[in-house]
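The values are calculated or read from the model by the stated rules, or taken from the named source; none is laboratory data. Note that the structure is a prediction, hence the values are computed from the model and not measured. Heads up, the Cβs are rebuilt from the backbone with ideal geometry, glycines too, and the neighbour counts pull from every protein chain shown.
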Amino acid sequence: MRPCPDSPEIREIVIMSDRFAHWEPPKIEDGKPTKYNWIVQCTDGFVLGRRTDIGAFTYINAKHGVILEEDVQIGSHCSVYSVSTIDDKAGRVRLKKNCRIGSHTVILPGVTVGENSVVGAMSLVTCDIPPDSLAYGVPARVVSSLPRDKQ
């Protein structure tokens, strides 16, 4: 039996500074997979912050702007849309510093995810998530506040 991620038996401290000690942005070409197998369409509207980690098979449509600030983490198989052809919505998406997006999450146009926030896997983000929050679900809702790290 495998313990839950919250259980004390498997808690460990991950030091991210070593992981990104030699971070360099990948080559990003419109509609072509990066070396990490994620894709951006409309690259003119895309801003990639330092030490940002995007999982394989993630799709980003930046037609109306997608800004990923530094230290953002996006899981695999996510979709980030600045435009929706289904309901004609459009708007810049901004993922603020140190936010984390779980695998298989969809972020819709005009959304901002606040600094240090976490969005759980398989969520549908339809509205802004405030800083220092934990949100998940379909649609994603804030379920708790997160303590800010003391630095």
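Filtering the range 19-43 to residues that are of a type in the set (A, V, I, L, M, F, W, C) and closer than 15 Å to H77 by Cα leaves W38, I39, V40. Among the residues in the range 18-39, are any crowded, with 17+ Cβ neighbours inside 10 Å, at pLDDT 95 or above, of a type outside the set (G, A, S) and not in a loop (DSSP other than H, G, I, E, B)? Yes: the range 18-39 contains one or more residues that are crowded, with 17+ Cβ neighbours inside 10 Å, at pLDDT 95 or above, of a type outside the set (G, A, S) and not in a loop (DSSP other than H, G, I, E, B). When residues in the range 89-140 are screened for being under 14 Å from I74 (Cβ atoms) and either in contact with a Phe, Trp or Tyr (Cβ under 6 Å, 6 or more places away or on another chain) or modelled with pLDDT under 95 (or both), 2 of them pass.
Taking every residue in the range 16-44 that is under 13 Å from N61 (Cα atoms) and pairing it with any residue that is modelled with pLDDT of 95 or more and exposed (fewer than 12 other Cβ atoms within 10 Å of the Cβ), at least 6 positions away or on another chain, the pairs with Cβ-Cβ distances below 8 Å are I39/G31; I39/K32; V40/G31; Q41/G31; T43/E29.
Quick check on the range 72-88: of everything there that is over 20 Å from S144 (Cα atoms) and of a type in the set (S, T, N, Q), which residue is modelled with the lowest pLDDT? Step by step, filter the range 72-88, then rank; the result is T85.
Only residues that are in contact with a Leu (Cβ under 6 Å, 6 or more places away or on another chain) and of a type outside the set (S, T, N, Q) were counted in the range 96-139, giving 7. Of everything in the range 40-61 that is out of contact with any Asp or Glu (no Cβ under 9 Å at 6 or more places or on another chain), of a type in the set (A, V, I, L, M, F, W, C) and over 18 Å from T112 (Cα atoms), the residue that is surrounded by the most Cβ atoms within 10 Å (Cβ to Cβ) is F57. Just a yes or no: is a residue in the range 62-80 closer than 15 Å to V119 by Cβ, polar (S, T, N, Q) and surrounded by 20 or more Cβ atoms within 10 Å (Cβ to Cβ)? Checked the range 62-80: no residue is closer than 15 Å to V119 by Cβ, polar (S, T, N, Q) and surrounded by 20 or more Cβ atoms within 10 Å (Cβ to Cβ).
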